[in-house]
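The values are calculated or read from the model by the stated rules, or taken from the named source; none is laboratory data. Note that this is a predicted model, so its numbers are computed, not measured. Cβ atoms come from the backbone with ideal geometry, glycine included; neighbour counts cover every protein chain shown.
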Amino acid sequence: MFLEIFPHNMDMRKMQKVVDCLKSGGLVIYPTDTVYGLGCDIYNKEAVEKICRIKNVKPEKMNFSFICYDLSHISDFTVSVDTPTYKLMKRCLPGPYTFILKANNTIPKLFKNNKKTVGIRVPDNEIARTIVQELGHPILTTSVHHEDDIIDYITDASAIYERYENLVDIVIDGGVGGYKPSTIIDCTGDEPVVLREGAGPVDGIL
């Protein structure tokens, strides 16, 4: 299914279709503030495994992030975040950043890698955040792009649909996507470390 959703005049009937799809174990491609994302319900094991098959990687090796509505979700999945880290996240989010935090014991077992970490995203995109808000908990996400992709495949929803229509249940057209991924900041050590500089600037934030 191909759904056009306008972020500033959102059709909530279409949004409900997206949420119902996720609840039933479906896969959805949706816009973020960076590249388009491929997502599913974090609590649906079969859906997560479908994404892993699409990406051709084992679940324990997959670099997933959780898309959250705001920072109120993070305590559900991470160990206690210290004040400097929380202030850093507040400065950057919503925005094109992924923060790597230590996972707590309530995180779905499927996501527990050897490092026991989780990536947290709060994108500056109303479609993505509304999906999470209506679903009631974060969604798992990974970017749709591969390193050898041409720009059209990762920025144009129609081109994404042509490529993924037989692999996912819904592709949301929320406008032209970005081509730079999020900036990744690892906050699991004594000091935050930039692992990847992407769409989010790093000068002056650390």
Return yes or no: is I127 under 21 Å from V19 (Cβ atoms), β-branched (V, I, T), at pLDDT 90 or above and not in a loop (DSSP other than H, G, I, E, B)? yes
If F111 satisfies every condition in (1) in contact with a Ser or Thr (Cβ under 7 Å, 6 or more places away or on another chain); (2) modelled with pLDDT under 90 but one, which is the exception? (1)
Output for the stretch 130-158, where each listed residue is crowded, with 17+ Cβ neighbours inside 10 Å and either modelled with pLDDT of 90 or more or of a type in the set (G, A, S) (or both): T130, I131, V132, L135, P138, I139, L140, T141, T142, S143, A157
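Here is a yes/no grid of residues against (1) buried (at least 19 other Cβ atoms within 10 Å of the Cβ); (2) acidic (D, E):
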residue	(1), (2)
V18	yes, no
S24	no, no
G37	yes, no
D41	yes, yes
R53	no, no
N56	no, no
Y69	yes, no
S72	no, no
Restricting attention to the stretch 174-196, which residues are of a type outside the set (G, A, S) and crowded, with 21+ Cβ neighbours inside 10 Å? T183, I185, C187
How many of the residues in the stretch 178-200 are farther than 19 Å from L93 by Cβ and touching a residue at least 40 places away in the same chain (Cβ under 8 Å)? 1
Quick check on T78: is it of a type in the set (S, T, N, Q) and either in contact with a Pro (Cβ under 9 Å, 6 or more places away or on another chain) or surrounded by fewer than 19 Cβ atoms within 10 Å (Cβ to Cβ) (or both)? no
Pick from the stretch 47-102 the residues that are touching a strand residue (DSSP E or B) at 6+ places or on another chain (Cβ under 7 Å) and aromatic (F, W, Y): which of them is farthest from V118 (Cα to Cα)? Y97
